[in-house]
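Take a look at the structure below.
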Amino acid sequence: MRKKIVAGNWKMNLNSEAANLLLQELITYSKNGGLETANQIVKILFPPYLYIQSLSALAATSGISIGAQNCSDKEFGAFTGEVSASMIASCGAKYCLVGHSERRSYFGETDHTLALKVEQCLKNNLIPIFCIGETLNERNSNKHFAIIEHQINHGLFHLAEQQFKNVVIAYEPVWAIGTGVTASADQAQEMHAFIRTIILKKYGPSAASATSILYGGSCNSKNAKELFSCPDIDGGLIGGASLKAEDFISIIKSF
Ligand code: PGA
C-alpha cells in the first residue's frame with residue numbers, strides 16, 4: 001500500500017525559537033496520545049535550511065521527519081550560497097522539496113535544473129517531493145493536463161523505475177497556493193488520477209499504484225477530510241496551515 005503523508009512547508013517563516021517551539025508542541029501532542037491513530041501516517045516538516053540539524057535532533061524519536069525546501073543541482077564546489085543534497089542529508093533530513101512553484105516562478109528554476117536536483121536527492125538518499133502545478137491562465141485555457149504532463153516528463157521521467165519508486169509527487173495548482181482558494185475535491189481527484197495514469201503508461205501498474213501523490217494549495221483543517229478521502233489523493237503538502245500546531249495536527253487527523 002502506498003504511504004499516506006502529511007507534510008508542512010514552513011517556507012521563509014519562523015525564527016529559530018519559534019521553529020523549536022512549534023516542533024516541541026507537535027512532539028508533545030504526539031506523545032500525549034493526540035496522534036495515536038495517525039501512527040501509520042508519514043509526518044514531515046520542511047523548515048528553513050538553518051534549522052534542519054537541530055530540529056532533526058529534536059524530532060529524532062518522535063515519528064516526525066525533517067526535510068529541506070530546496071537543494072542545489074550541483075554536487076559541491078564554488079557555488080556561494082548554495083546547499084547540496086549531501087549536506088542536507090548529513091544534517092539529518094530525509095526528504096527534500098523539488099520544484100515548488102515559488103522556486104519555479106521567483107527563482108527561475110527550469111525543468112532541466114529540477115531534473116538534476118531530483119538526481120542529487122536520490123544519490124544522497126533524500127526522498128524528493130516533486131512539486132507540479134498549473135497557473136490559473138493555463139487551467140482557464142484548458143492546458144492544465146498538458147502542463148502537468150510536461151512537468152513530470154521533463155523533471156522525473158529520465159529516472160529508471162527503481163529510482164522513480166523513491167519519488168513522491170505533490171500536485172499544487174499555482175492558483176490555490178496561499179490564496180485561500182482550494183481546488184475542489186473533484187478537480188484535485190481528476191488531476192491526481194491523470195498523474196497516476198501517466199505514471200502507469202511510463203513505468204507500469206506497480207509503480208503507478210505505489211506512488212504517493214499529495215495535494216497542496218490552501219489545504220486546511222476544514223477541507224482536508226474531503227480531499228484526503230479521494231481515492232488518488234494520498235495526503236497533503238501544507239503551507240500556511242502548518243504554522244500552527246493545532247491546525248497541522250487536525251489535518252493529520254483528517255484521514
Ligand atoms: P498553502 O501552501 O497551503 O499556504 O497554500 C502550500 C504550499 O505552497 O506548499
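The values are calculated or read from the model by the stated rules, or taken from the named source; none is laboratory data. Just so it is clear, the model here is predicted, and its values are computed rather than measured. Note: ideal-geometry Cβ built from the backbone for every residue, glycine included; neighbour counts use all protein chains shown. Ligands, DNA and RNA are stripped out before the accessible areas are found, and what is left, the full protein with its side chains, is counted by its heavy atoms. Shrake-Rupley method; radii C 1.70, N 1.55, O 1.52, S 1.80 Å.
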Item to check | Count of Lys pairs (Cα-Cα under 20 Å; at least 8 positions apart or interchain) in segment 1-134 | outcome: 14
Checklist outcome for this item: A correct Karplus calculation of ³J(HN,Hα) over segment 232-241, with 6.51 cos²θ - 1.76 cosθ + 1.60, θ = phi - 60°, whole Hz and x for Gly and Pro, returns 9, 9, 9, x, x, 10, 10, x, x, 6
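With a cut-off of 8 Å between alpha carbons and a minimum separation of six or more residues, what is the relative contact order of segment 49-142 in percent? Could you put the intermediate results ahead of the total?
Numbers: 129 pairs, mean separation 27.4, N = 94.
It rounds to 29 percent for segment 49-142.
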Item to check | Mean residue ellipticity (222 nm) of the chain, computed from DSSP H runs ≥ 4 via -39,500 (n - 2.57), nearest 500 | outcome: -12000 deg cm²/dmol
Checklist outcome for this item: Largest fluctuation, Ile44, Ile233, Ile147 only, Gaussian network model of the chain with Cα springs under 10 angstrom, belongs to Ile147
Next on the checklist: Give me the net charge for the shell around Ala115: Cβ to Cβ below 11 angstrom, other residues only, Lys and Arg +1, Asp and Glu -1.
Outcome noted: -3
Checklist entry - How many nm separate the modelled label positions at Ala193 and Ala60, each set 7 Å beyond the Cα in the direction of the Cβ? => result 4.7 nm
Next on the checklist: Taking the alpha-carbon distance from Lys202 and a cut-off under 16 Å, which aspartates and glutamates remain once sequence neighbours fewer than 8 residues away in the same chain are dropped?
Outcome noted: Glu149, Glu161
Checklist entry - Excluding ligands, DNA and RNA, what is the solvent-accessible area per residue of segment 1-132 at a probe of 1.4 Å, expressed in Å²? => result 49 Å²
Checklist entry - Quick one: length gained pulling Asp186 to Cys230 fully straight, 0.36 nm per residue minus the C-alpha distance? => result 15.0 nm
Checklist entry - How high is the relative contact order of the chain, in percent, with contacts defined as C-alpha pairs under 8 Å that are six or more residues apart? => result 21 percent
Checklist outcome for this item: Scattering profile of segment 1-82 from the Debye formula, Cα beads only, expressed as log10 I(q)/I(0) at q = 0.11, 0.13, 0.20, 0.24 Å⁻¹, is -0.35, -0.47, -0.94, -1.20
Next on the checklist: Based on Cα coordinates alone, diagonalise the gyration tensor for segment 133-255, multiply each eigenvalue by 5, take square roots, and list the semi-axes in whole Å, largest first.
Outcome noted: 24, 18, 12
Checklist entry - Hey, if you drop one equal point scatterer on each alpha-carbon of the chain and run the Debye formula without solvent, what base-10 log of I(q)/I(0) do you get at q = 0.07, 0.10 Å⁻¹? => result -0.21, -0.44
Checklist entry - To the nearest 0.05, what FRET efficiency results for Glu82 and Ser141 with a Förster distance of 25 Å applied to their C-beta separation? => result 0.10
